[in-house]
Amino acid sequence: MKLSPFALAFTLCLPSCFPSSLAATPPPASNPVPNPYGGPTYLTLQRHAAAAAAATAAAAAAVTVTAAATQNNNNNNDDDGRVDELNYVDEGTEKGYNSAIKLWNTDFAPNQGYAKVDHLTKEFVCGEVLQNGSLLNQNDPPIRKPLSEFANFLLQVKQTSGEKDGKHYSVGTILQYLSGVKTFLFKKFKELSYFGVTPDWWSDLYNSLRCRAAVAAISRGESVTRKAVGLSRKALINCCRWLMRQEDQRLGYEERCILVTLYHAVGRGGEVSTSAWNNAEWNVDHEFLSLKWGEVKNGQQPEMTFHPDTKEWMLDIFHALACYLIAGHGKAKATTSSAATDSIHWMFPSYVDMVKGGAANKASRIIGKCRDNGVEGVVKGVNSHGIRVTATDDMTFHHLLSVFATIARGGWDFKSDNLAFYYFTKKLNVVMAGKVLAGWHDPRQKVHAPTLDAFVTNANKSKVDQFCARLFAATGVPYLSDELKGFRDAMVASLLMYYEDVERDLGSGSLIIETMNEAALRCNISDSNKAALVTLSDWGKAVRARFIAANAKNLGDVDLTEKERQAKSIELLQQIAMQNLDNNKELNAELGGLRSDVSNMMSDMSKMMSMMHQLCMTGSEPTSSPRVTNKRSRTESPSPSQSNSITDVAEQSEADPPLSVMDALKQGALVAKHVNFNGCG
């Protein structure tokens, strides 16, 4: 065996690195074998290596003891509960833990002769504890046996209430109940986790229970996993349509907006309660709404973006928010929980200041109401979390969206990626995933929001501005007339773009249509509801044409091939072109009718001038016995100069017919000036 010079030097010098009390002195060599190459013999090297290994182990043990003592001191300092108050678990987990404690106290402990969880003593749980605070038997404390018995009890016990009466607990519930009791005991008795790591005995017990529970569930024909039931995109559209048709239209607008917001944000039911207009921003360059989305489960507030939908107005977030703000319960108000939040303009104030879990339950009741009223596609067991499942599936199955974008949009922890790379690209990934949820084919392309520029001119700009301001005047959100003015205009453009669709689906008596028509009347855009319908409809057609033309390359079915999508884009543009041609034909037809009316008017004027000319010529015949009077006879012939003037004017009128009514009147007045009516006026 040969040693490199570096290894040899390290081995010889290692003992000197430790204190003299720890460095072992190698025993003298007995009958050493001479080294033919000089230097220390092989046996000597072995002894030095053994001594070094012993010294290293002793030092490591000393460090471990010191660390353990420090950890124990920290644990002892936590006994006052000040740190425990910062420990946070979500509502479902906390509810499960409480149920586990109740199950131990009422059903398990009395039959086994054990005390309640909170009455268990340190001796019963930990056994003998050493002076430094560690357990004498770290891998087999006394509590191990009762916990094993409790695990076996969970496998056999059946539920006694609700729809699942007489059925076994699910695998997830069994594991959660065992973890609930363990969590309580480990918090109360710090000695169980003295070294700061999960004991092997607990890992073995937990894994064994998970395997046994899964096998038992499979043998009973049950599902091992308990994934939330999702909704299809079509079912979500059906829910929104039913909600918009409710008798209480304002409530329906709010509930539809809740579902659409949760879908686009991939949010949990209760997270809508943390959304505020104060944290909203309109991205002018990329034309989307950005919002700080509060994730109460993990205490994060990532940036969430919202984009217009490709073609379905029911799932268009711009349209949903506009209807909710204008005609729903969207009037902003501050929470009444504390004076410090009076300046917060909540997006959904009716979901704020509820008890823990109240917002999520309220969102779930919306879906339950749809299911109870027979909305197609809403299956049993769907709750607000099912919308998160729906959005996740839509992102996962999109062939152009990366898994990083799906994770970023959903807010899941992901540590495998480079942290700097993830930080700088997270917003991009969130944006791309948001476009997929809005139905866009290629999330890498820019999406243009609907815009009022499609029909605004210098002549109507002031009235359009008044129209937009009036629609949102009562919302109580000051940002919509300031930093969010661009988003406000985009919402109005969305309302106009889908004006005919909403009127067709909900009727002209729907609250949002009536509100828009009334605003048009108030702003003098039209003088009647019928005229408002025509004007707003025409504006909406212009917005839709601009929207399709700007995004034609990215519209269409995501499942089509690139060639099929190009053909689809060309077809859309052709439809817009043909529609414009039809509009031009209608305008030309109207213009032709006006020209015909003018031509007929000119012909009538020419006939009138000819009749006047004949009248003048008739007046030139002499009478047989003119009266002798100071007044001239009615039939008295005009002077030659007068007759010539009348003839000249009439001939000039025929040669140069009038081009307008005013010209005809002027020429008629000129003829009348030269006619003598003999006092008849």
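The values are calculated or read from the model by the stated rules, or taken from the named source; none is laboratory data. Being a predicted model, the structure only gives us computed values, none of them experimental. Don't worry about glycine lacking a Cβ; one is built from the backbone with ideal geometry, like all the others, and counts go over all protein chains shown. Each accessible area value is taken on the protein alone, full model and side chains, heavy atoms only, with ligands, DNA and RNA left out. Shrake-Rupley method; radii C 1.70, N 1.55, O 1.52, S 1.80 Å.
For the reader, a short list of remarks on this structure follows.
- Output for the stretch 352-379, where each listed residue is touching a residue at least 40 places away in the same chain (Cβ under 8 Å) and either open to solvent by 70 Å² or more (accessible area, probe 1.4 Å) or outside any helix (DSSP H, G or I) (or both): Val352, Met354, Lys356, Gly357, Asn361, Asn373, Val375, Glu376, Gly377, Val378, Val379
- Residue in the stretch 205-212 that is out of contact with any Lys or Arg (no Cβ under 6 Å at 6 or more places or on another chain), among the small types (Gly, Ala, Ser), assigned to a helix (DSSP H, G or I) and modelled with pLDDT under 90 present: no
- Residue within the stretch 224-233 that is closer than 30 Å to Ile317 by Cα, modelled with pLDDT of 90 or more and β-branched (Val, Ile, Thr) present: no
- Scanning the stretch 380-398 for residues that are open to solvent by 60 Å² or more (accessible area, probe 1.4 Å), at pLDDT 90 or above and either within 19 Å of Gln300 (Cα to Cα) or part of a loop (DSSP other than H, G, I, E, B) (or both) returns a single hit, Phe397.
- Cys239 being open to solvent by less than 70 Å² (accessible area, probe 1.4 Å), in a helix (DSSP H, G or I) and hydrophobic (A, V, I, L, M, F, W, C): yes
- Test: residue in the stretch 450-462 that is open to solvent by less than 40 Å² (accessible area, probe 1.4 Å) and in contact with a strand residue (DSSP E or B) (Cβ under 9 Å, 6 or more places away or on another chain): no
- In a residue-by-residue description of the stretch 439-449, the property of being outside any loop (DSSP other than H, G, I, E, B) and either in contact with a strand residue (DSSP E or B) (Cβ under 9 Å, 6 or more places away or on another chain) or open to solvent by less than 40 Å² (accessible area, probe 1.4 Å) (or both) applies to no position.
- Extreme residue, surrounded by the fewest Cβ atoms within 10 Å (Cβ to Cβ), among residues of the stretch 165-206 that are under 17 Å from Lys102 (Cβ atoms) and among the aromatic types (Phe, Trp, Tyr): Phe184
- From Tyr97, Tyr114, residue being in contact with a Pro (Cβ under 7 Å, 6 or more places away or on another chain) and either modelled with pLDDT of 50 or more or open to solvent by less than 50 Å² (accessible area, probe 1.4 Å) (or both): Tyr114
- Filter pass, Gly270 being at pLDDT below 95, closer than 17 Å to Arg409 by Cβ, touching a helix residue (DSSP H, G or I) at 6+ places or on another chain (Cβ under 9 Å) and open to solvent by less than 60 Å² (accessible area, probe 1.4 Å): no
- Phe424 meets all of the listed conditions (1) modelled with pLDDT of 85 or more; (2) under 30 Å from Asn283 (Cβ atoms); (3) in a helix (DSSP H, G or I); (4) open to solvent by 20 Å² or more (accessible area, probe 1.4 Å) but one, namely (1).
- Residue check for Gly411: touching an Asp or Glu at 6+ places or on another chain (Cβ under 9 Å), modelled with pLDDT under 90 and not aliphatic (A, V, I, L, M): yes
- Among residues of the stretch 157-179, those that are within 30 Å of Gln138 (Cα to Cα) and free of Cβ contacts under 8 Å to residues at least 12 places away in the same chain, counted: 0
- Counted residues, the stretch 273-296 - those being of a type in the set (Val, Ile, Thr) and surrounded by fewer than 20 Cβ atoms within 10 Å (Cβ to Cβ): 2
- Of all residues in the stretch 212-235, at least one satisfies being touching a Gly at 6+ places or on another chain (Cβ under 8 Å) and farther than 26 Å from Glu295 by Cβ.
- Flag set for Thr335, criterion: modelled with pLDDT under 85 and surrounded by fewer than 22 Cβ atoms within 10 Å (Cβ to Cβ).
- Residue match in the stretch 180-201 (condition: aliphatic (A, V, I, L, M), farther than 19 Å from Glu128 by Cα, in contact (Cβ under 8 Å) with a residue 12 or more places away in the chain and part of a helix (DSSP H, G or I)): yes
- Filtering the stretch 117-164 to residues that are of a type in the set (Ser, Thr, Tyr), over 15 Å from Val181 (Cα atoms) and open to solvent by 70 Å² or more (accessible area, probe 1.4 Å) leaves Thr160, Ser161.
- The criterion of being closer than 24 Å to Lys463 by Cα, open to solvent by less than 60 Å² (accessible area, probe 1.4 Å), among the small types (Gly, Ala, Ser) and modelled with pLDDT under 75 holds for Ser528.
- Qualifying positions in the stretch 123-150 - in contact (Cβ under 8 Å) with a residue 60 or more places away in the chain and among the small types (Gly, Ala, Ser): Gly133, Ser134
- Selection from the stretch 242-262 of residues that are open to solvent by 60 Å² or more (accessible area, probe 1.4 Å) and over 19 Å from Thr515 (Cα atoms): Trp242
- For Asp482, the criteria (1) surrounded by fewer than 16 Cβ atoms within 10 Å (Cβ to Cβ); (2) at pLDDT 95 or above; (3) charged (D, E, K, R) hold in every case but one, which is (2).
- Contacts under 9 angstrom Cβ, first residue in the stretch 499-516 being farther than 10 Å from Ala327 by Cα and among the hydrophobic types (A, V, I, L, M, F, W, C), partner open to solvent by 40 Å² or more (accessible area, probe 1.4 Å) and part of a loop (DSSP other than H, G, I, E, B), 6 or more apart: Leu506/Arg245
- Residue count for the stretch 139-170 under the criterion of being at positive phi and in a helix (DSSP H, G or I): the result is 1.
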